[in-house]
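Accompanying notes for the structure given below.
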Amino acid sequence: MEDRKWIDISQPLTNDIGVWPGDTPFAFRLSFTKEQTGSVNIGQFTTSVHTGTHVDAPYHFDEHGKKVHELDLNLYVGRARVVDVTGCEMVGKEELERFELEGVERLLLKTTDGRDLNRFPEKYTVFRENIGPFLKEKGIRLIGTESPSVDAVDSKTMDAHHSLNDNGVYILENIVLTDVEPGDYELIALPLSIEGADGSPVRAVLRPIG
C-alpha cells in the first residue's frame with residue numbers, strides 16, 4: 001500500500017510565493033502569540049484567491065457565471081488522468097488528440113519539468129481556443145494545469161477561459177506535477193466555500209489507482 005499514499009500536488013502557501021503581477025501577495029503572521037493570550041497562538045493571512053494552487057469559478061471572467069460557493073463539489077473529487085505535454089507552448093485539440101481520453105472526466109496536464117514557485121514564470125503553457133469543444137466531445141469536465149492561467153498573462157479577451165466555460169469545463173490552475181508520472185489517479189482538489197468568490201485556493205492531492 002506504500003505506493004498508494006496521497007501525493008500533494010499543491011503549491012505551499014509561503015510569504016515569498018510568486019503571485020500574479022500586481023495581485024495581492026500572500027502573507028501569514030501571528031496576530032496574537034501564546035505569550036500574549038496566555039493560552040494559544042492565533043494566526044491570520046491575506047491573499048488573492050488566485051494565489052498558488054486554485055480553482056477559477058466562472059464568475060472570475062463572466063459577470064453572470066457561477067461563484068465558488070455554487071460550484072459542484074463532485075467535479076473536484078474522483079478519478080483523473082495525468083498526461084505529459086511538457087514543451088508545448090500552447091495546448092489544444094492538436095496536442096491532446098494523440099492521448100487516450102475516452103471515459104476521462106478530469107484531465108491534469110503536466111506542462112513543465114519544474115519551476116521556481118517563488119517567482120511568477122516569465123513563460124508558461126497556455127490553451128488554444130479550440131480546447132473547450134474538444135474536451136466537451138471527450139466528456140471531460142475538469143482541466144488542471146501547472147500554469148498560473150489557461151490564458152496569457154496580458155490577455156484581455158480570456159479566450160481559453162471562455163472556451164472552457166462555454167463547454168462546461170472547469171479550471172484548476174497552478175498544480176505541481178513535477179514528480180508525478182502520467183497515468184490514472186484519484187484526485188481531491190476541493191475549493192473553500194467562500195461566499196460570492198471568483199476563485200479559491202485548494203489543497204490538491206493525488207493517489208495512484210491500482
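The values are calculated or read from the model by the stated rules, or taken from the named source; none is laboratory data. Given the structure is predicted, the values throughout are model-derived calculations rather than measurements. Cβ placement follows ideal geometry from the backbone for every residue including glycine, while neighbour counts extend to all protein chains displayed.
If you check Thr112, Thr125 for being in contact with an Asp or Glu (Cβ under 8 Å, 6 or more places away or on another chain), of a type outside the set (Asp, Glu), closer than 25 Å to Gly199 by Cα and modelled with pLDDT under 95, only one passes: Thr112.
Inspection of the range 134-156 finds a residue satisfying the criterion of being crowded, with 17+ Cβ neighbours inside 10 Å, among the charged types (D, E, K, R) and in contact with a Ser or Thr (Cβ under 9 Å, 6 or more places away or on another chain). Residues in the range 91-100 that are surrounded by fewer than 20 Cβ atoms within 10 Å (Cβ to Cβ) and either assigned to a loop (DSSP other than H, G, I, E, B) or basic (Lys, Arg) (or both): Lys93, Glu97, Arg98, Phe99, Glu100.
Glu181 meets all of the listed conditions (1) in contact with a helix residue (DSSP H, G or I) (Cβ under 9 Å, 6 or more places away or on another chain); (2) more than 18 Å from Leu142 (Cα to Cα) but one, namely (1). The residues of the range 127-174 that are among the aliphatic types (A, V, I, L, M) and either assigned to a loop (DSSP other than H, G, I, E, B) or within 16 Å of the chain's Cα centre (by Cα) (or both), listed by number, are Ile140, Leu142, Ile143, Val150, Ala152, Val153, Met158, Ala160, Leu164, Val169, Ile171, Leu172. Within the range 65-90, if we keep just the residues that are part of a loop (DSSP other than H, G, I, E, B) and hydrophobic (A, V, I, L, M, F, W, C), the residue that is nearest to Gly103 (Cα to Cα) turns out to be Val85. Against the conditions (1) at positive phi; (2) free of Cβ contacts under 8 Å to residues at least 60 places away in the same chain, Asn174 satisfies every one except (2).
So for the range 79-87 (the condition being surrounded by 11 or more Cβ atoms within 10 Å (Cβ to Cβ), under 30 Å from Thr14 (Cα atoms), within 16 Å of the chain's Cα centre (by Cα) and among the polar types (S, T, N, Q)), does at least one residue qualify? Within the range 79-87, none of the residues are surrounded by 11 or more Cβ atoms within 10 Å (Cβ to Cβ), under 30 Å from Thr14 (Cα atoms), within 16 Å of the chain's Cα centre (by Cα) and among the polar types (S, T, N, Q). For the range 1-30, the set of residues classified as more than 17 Å from Val82 (Cβ to Cβ) and of a type in the set (Asp, Glu) consists of Glu2, Asp16, Asp23, listed by residue number.
For every residue, the table says whether it meets (1) within 23 Å of Asp116 (Cβ to Cβ); (2) modelled with pLDDT under 95; (3) β-branched (Val, Ile, Thr); (4) in contact with a strand residue (DSSP E or B) (Cβ under 6 Å, 6 or more places away or on another chain).
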position: Lys136; (1), (2), (3), (4): no, no, no, no
position: Gly144; (1), (2), (3), (4): yes, no, no, yes
position: Ser147; (1), (2), (3), (4): yes, no, no, no
position: Val153; (1), (2), (3), (4): yes, no, yes, no
position: His162; (1), (2), (3), (4): no, no, no, no
position: Asn165; (1), (2), (3), (4): no, no, no, no
position: Glu186; (1), (2), (3), (4): no, no, no, yes
position: Pro191; (1), (2), (3), (4): no, no, no, yes
position: Gly196; (1), (2), (3), (4): no, no, no, no
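Of all residues in the range 188-197, none satisfies being free of Cβ contacts under 8 Å to residues at least 60 places away in the same chain and on the phi < 0 side of the Ramachandran plot. Looking at the range 175-210 only, could you name the residues that are assigned to a loop (DSSP other than H, G, I, E, B) and over 28 Å from Lys67 (Cβ atoms)? Result: Thr178, Asp179, Val180, Glu181, Pro182, Ile209, Gly210.
Residues of the range 66-89 being in contact with a helix residue (DSSP H, G or I) (Cβ under 6 Å, 6 or more places away or on another chain) and over 18 Å from Val202 (Cβ atoms), which ones? Write out each step before concluding.
Step one: list which residues in the range 66-89 are in contact with a helix residue (DSSP H, G or I) (Cβ under 6 Å, 6 or more places away or on another chain), which gives 66-67, 85, 88.
Hits for the range 66-89 are Val85, Cys88.
What about Lys110, is it among the basic types (Lys, Arg), in contact (Cβ under 8 Å) with a residue 12 or more places away in the chain, touching a helix residue (DSSP H, G or I) at 6+ places or on another chain (Cβ under 8 Å) and surrounded by 12 or more Cβ atoms within 10 Å (Cβ to Cβ)? Judged against the criteria, Lys110 is not a match.
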